[in-house]
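Rule-based calculations on the coordinates, nothing more; no lab input. This one's a predicted model, so the numbers in the text were calculated from it and none came from an experiment. Here the Cβ is made from the backbone with ideal geometry for all residues, glycine too, and neighbour counts use every protein chain on show.
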Amino acid sequence: MTTTSNYMRRGLRRRKVAAVSTAMATLLLAACGSGGGTSGAASNGGAATGGGSGSQSFKGQTLTVELLPITIDAKGYNAYHNAMAKAFFKATGARVKYVTTSESSTEQFAQIEATHTGPDVLLKAEDGQAFASGAFVHLTAADWKVLGGTKQLYPVQLEACGPKGGPYDEVPMYNVPYVMVYNTKLFKKAGITSPPTTWTQYVKDAEKINDPSAGIYGTGFDPSDTQNSDNWKIAFYLSANYGGALYADHDLGNTPTIDSAPVQKAYEFWYDWYTKYHIVNPASLSWQEPQLQAAFAAGKIGMLPAVKSQYEPLYNSGAIGHNYAFATMPSVPYGMNSLPPGGTAPGSFLSQDGLYIGTYAPVKLALQFEKIMLEKKFQVMQYDMTGNMPVTTAAGDQVEKKAGSLLKPFFKALPSEEPEPFAVSWPVAQEDIQAMTGKLASTLATTHHLADADIGSALSKTEAEVKSGS
Amino acid sequence: MQIGQVPHARRLGRTGKGGIYGDRPIWLVAPAAVLIVVIIVLPVLLGVYIAFFNVNVYTLGKWFQAPFVGVKNFTYTLLNTNSAVGSAAHGVLVSIKFAVLSTLVATPIGILGALTVNHRFAGRSFFRSWYLVPYVIPLVVTATVGRMMFLNGTGIVDRALSLMGVSAKTYWLLGPKAFWAMLAMEIWQVWPFTYLLILAGLAAVRDELYEAAEIDGGRYLVKLRYVVLPEVRGLLILSMVLSTIFHLGNFTLPFVMFSNPPPLSVAVLPIDVYYRAFTAVQFGQAAAAGVLMIVVFLIPAYIYIRASRLREALSS
């Protein structure tokens with residue numbers, strides 16, 4: 001039989017547990033809703049507090065800098081990072097704490113935006129989403145003066161750092177141009193003396209190289225890789241040649257033109273490599289980019305569009321050895337003799353990564369680190385370690401002089417680079433376009449047929465999806 | 001002393017003298033309860049809250065002030081088929097199909113595995129351990145190897161099937177066939193879970209029951225049906241329910257084995273939630289899909305609770 005005192009004790013226990021739970025919940029909600037930071041001086045999402053002369057002492061402070069995880073040449077990377085840290089300490093009296101993350105850029109950026117905490121400086125690809133979120137500092141003219149001014153950069157770099165005319169929230173660190181690569185041995189065997197400059201020649205050369213019985217194909221693609229290979233890149237080039245683009249203009253609020261005739265023609269031509277010209281390995285319909293690159297390195301593919309110089313070690317270690325060369329992308333659409341009205345020939349799309357300063361971070365200190373990163377010595381060192389092109393003209397000139405003839409096409413592409421769209425919806429559009437190419441690949445795999453209407457319908461749905469999320 | 005009475009022991013319960021332990025047991029549990037509230041209950045409640053608001057890249061920084069959209073996130077998520085991962089309704093169907101088929105196929109394999117190593121034979125210890133290999137291999141590794149195995153033309157599965165004249169150069173990683181490739185890897189990876197539980201249950205089956213069945217003339221299948229399965233029924237139901245919940249929540253296999261987003265045929269609900277949150281940056285929609293996922297998860301849990309209560313009622 002339960003006594004009254006037992007009931008009372010149980011009731012008291014329940015109230016105590018409830019009180020503790022409520023207190024914990026309140027603390028948690030307060031932490032979630034607060035705009036806390038670790039060490040910062042800048043206002044949230046707004047302009048920085050202005051630059052300093054560089055001689056200000058930051059003795060005793062620590063700047064957290066997040067760079068890419070080291071996957072190759074750890075010794076070289078460490079030397080580069082340590083050298084920058086040393087120079088930073090000499091200039092400011094402060095130390096650098098390097099961190100890395102295994103999270104994707106989007107996951108981390110979402111965390112930073114929601115919690116207003118994170119590394120003081122982080123390396124990230126440019127996009128309008130980050131700009132619009134207000135999670136990173138928008139640099140002022142005074143800030144750029146601290147960094148050494150914008151004129152030290154290649155003009156096109158700034159176009160990717162923010163909306164037209166600024167302000168900019170990114171300080172570019174390196175540029176990764178994309179050109180085509182071809183197997184010189186297969187070219188020689190097929191009697192081809194120079195890389196193609198038109199897409200008509202591209203297809204003809206690929207057909208000459210094609211030898212399915214030996215497992216060799218003229219070119220390659222990986223449409224079902226919706227994660228690694230950025231299947232919007234081919235449309236970027238091809239649609240520009242046709243006089244169109246994935247977005248009408250390079251600006252924050254811009255709407256997509258994914259469902260436009262030039263983009264449709266671009267993808268029709270690309271899938272024709274499989275359905276009409278048969279110049280790609282049928283198995284590549286389900287490949288991911290690593291397999292595609294491995295097949296080229298194994299000497300099984302004649303040429304590939306849109307590759308970066310970082311693939312050199314892979315190619316050098318494969319059966320292809322040093323029997324490859326780079327070239328600028330073809331620029332005249334298939335079936336035409338010259339660019340149509342409005343058509344352009346981008347040397348590459350501007351693919352750069354740069355440093356962002358969190359709004360919670362010590363901005364003046366962070367600017368000092370970015371200033372050191374832009375110095376010619378460290379830009380050249382970065383190129384030596386990674387193969388990524390420098391972003392300053394001084395470093396670029398030095399690197400071009402010492403670069404071998406193999407890398408000349410990358411430098412040739414630099415002046416005619418075109419920036420990716422800066423729209424807020426662009427990161428999502430990239431994913432949606434990649435998903436679309438995957439779905440089309442699934443259709444091909446299942447039905448062995450892909451009509452132009454299928455491509456048109458897929459583009460239309462993709463554009464609708466991108467617009468619905470804007 | 002009466003049989004069953006424990007001297008000098010305090011008994012929990014509703015008696016008065018020498019009864020409950022005072023406050024101590026409840027207070028010992030309180031820290032764990034608080035952690036459960038903070039780590040599990042609160043995030044779930046916050047997720048449900050976010051599902052009714054338009055939390056995206058613009059509003060994430062001040063999500064408490066995001067605009068209220070009512071059930072719009074739910075309707076959009078459930079019905080919009082333009083998304084790269086299809087609609088959440090599609091995700092639910094794929095997830096349920098995947099979970100049910102995985103459980104239905106993996107469970108008999110697990111039972112069979114347990115039966116083969118239940119009785120003594122030379123090398124039994126080796127096989128008992130060997131059966132666990134698929135389960136202990138990290139799922140990421142299983143998914144990566146699975147992808148390589150199912151590559152068309154070069155993958156071992158496609159090559160083996162071609163040699164047998166079953167299929168030639170099939171695209172197992174694209175289109176509808178991707179579902180069966182994923183299902184095969186899932187079954188391979190999880191059957192040891194059922195095997196472990198059933199093996200434990202078999203150890204508790206009394207020899208007298210087998211002897212009684214033999215005396216009545218029962219052969220192997222009769223013993224299996226009238227002795228083994230009834231005795232391990234509780235564990236069997238538990239393993240099926242837990243397996244189903246695991247299959248419903250399996251994110252790693254489709255994410256690693258295919259790209260992100262994967263083909264529609266393998267776009268299970270966890271992939272839908274991830275895509276909406278971290279690729280499309282639509283946290284409100286992702287939260288709505290997450291709420292849908294909780295509802296789906298509750299189904300097998302409810303079945304298990306009902307089955308447990310029914311069994312208790314029958315036994316009492």
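Tabulated data for the structure shown
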quantity	calculated
Cα centre as origin, Lys/Arg/Asp/Glu Cβ charges: the stretch B:121-254 dipole, Debye	480
Helix runs (DSSP H) in chain B reaching 20 Å along axis by Cα, Kyte-Doolittle at least 0.0	B:88-116, B:177-203, B:233-248, B:283-315
The protein assembly as shown, helix-only ellipticity at 222 nm - DSSP H runs n ≥ 4, -39,500 (n - 2.57), divided by all residues, nearest 500	-16000 deg cm²/dmol
Percent RCO, i.e. relative contact order, over chain A, from Cα pairs under 8 Å lying at least 6 residues apart	25
Added length on full extension, which subtracts the Cα-Cα distance from 0.36 nm per residue, residue A:289 to residue A:323	10.2 nm
Beta bridges by DSSP in the protein assembly as shown, antiparallel share as percent, to the nearest 5	65
Virtual spin-label span in nm between residue A:468 and residue A:68, 7 Å along Cα→Cβ	3.5
Order of A:444, B:229, B:238, A:367 under a 10 Å beta carbon neighbour criterion, fewest first	B:229, B:238, A:444, A:367
Positive-end residue, the stretch B:166-316 charge dipole about Cα centroid, Cβ charges, pick of B:174, B:199, B:302	B:174
Residue (of A:328, A:104, A:257) at the positive-pole extreme of chain A, dipole from beta-carbon charges	A:104
Residues A:287, A:426 arranged by fewest to most Cβ contacts within 10 Å	A:426, A:287
Linear extension gain, residue A:394 paired with residue A:201, 0.36 nm per residue minus alpha-carbon span	65.8 nm
Dipole magnitude of the protein assembly as shown about its Cα centre (Cβ charges: Lys, Arg +1; Asp, Glu -1), debye to nearest 20	2920
The stretch B:200-298: trypsin sites (Lys or Arg not before Pro) falling in loop per DSSP and having at most 10 other Cβ within 10 Å	B:206, B:219
The stretch B:122-260, relative contact order [Cα under 8 Å, separation at least 6], %	29
Chain B, relative contact order in percent, only Cα pairs under 8 angstrom and at least six apart counted	25
FRET efficiency estimate (nearest 0.05) - Cβ-Cβ, residue B:49 to residue B:233, R0 35 angstrom	0.30
Fewest-first sequence of A:331, A:133 by Cβ atoms within 10 Å of each Cβ	A:331, A:133
